[in-house]
1. Of all chymotrypsin sites (Phe, Trp or Tyr not before Pro) in the stretch 90-121, which ones are in loop regions per DSSP and have a Cβ with at most 12 other Cβ atoms within 10 Å?
2. What distance in nm lies between label points placed 7 Å from Cα along the C-beta direction at Ser27 and Gln44?
3. May I ask you to give the percent of accessible area on the chain that is carbon plus sulfur, with a probe radius of 1.4 Å?
4. Averaged per residue, what accessible area in Å² does the chain show with a 1.4 Å probe, protein chains only?
5. How large is log10 of I(q)/I(0) for the chain at q = 0.09, 0.13, 0.14 Å⁻¹ when the intensity is taken from the Debye formula with one equal scatterer per alpha-carbon?
6. State the Cα centre-to-centre distance between the stretch 10-26 and the stretch 61-102 in whole Å.
7. Lysine pairs in the chain with Cα distance under 20 Å, only those 8 or more apart or on different chains: how many are there?
8. State to the nearest 20 debye the size of the charge dipole of the chain about its Cα centre, where the only charges are +1 on K and R beta carbons and -1 on D and E beta carbons.
Amino acid sequence: QVRLVESGGGLVQAGGSLGLSCAASESVFSIKSMGWYRQAPEKQRELVATISSDGSTNYADSAKGRFTISRDNAKNTVYLQMNSLKPEDTAVYYCNAAVLSKGDNYYRNYWGQGTQVTVSS
């Protein structure tokens, strides 16, 4: 089945940068939208940024001006460039995508396994 695989997480000092990527598996026929969510310990998962198939983007207020989401449709990949990181950005970051698989006739929502981002003060 479709799998989303994230990479790029790690440990960084406040003010630093990290770039995340998420690639969908080979069974993908089409991806309608992709996004990044995050979940800190003992908190609900929250939206960070999304990008639609036409390139339109949406950001959480906390991410505006610091994070940039982009996608490469040919590679079925979404990216999140995170600059000026703050300790409160510490969370597990999850990739999300609405995917039409070959042989299916409707989009399904998929989640990656997550990648840890830790920002030290």
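The values are calculated or read from the model by the stated rules, or taken from the named source; none is laboratory data. Quick caveat: nothing in here was measured; it's all calculated off a predicted structure. Cβ: placed from backbone, ideal geometry, glycine included. Neighbour counts: every protein chain shown. SASA here: full protein model, heavy atoms, side chains in, ligands and nucleic acids out. Shrake-Rupley method; radii C 1.70, N 1.55, O 1.52, S 1.80 Å.
1. Passing sites in the stretch 90-121 are Tyr106.
2. My value for the distance between the label points is 3.1 nm.
3. About 45 percent, which is the carbon plus sulfur part of the accessible surface.
4. Value for the chain: 55 Å² per residue.
5. Relative scattering, expressed as log10 I(q)/I(0), comes to -0.23, -0.47, -0.55.
6. Their Cα centres are 8 Å away from one another.
7. Lysine pairs, 8 or more places apart or on different chains, close enough: 5.
8. That gives the chain a dipole magnitude of about 100 debye.
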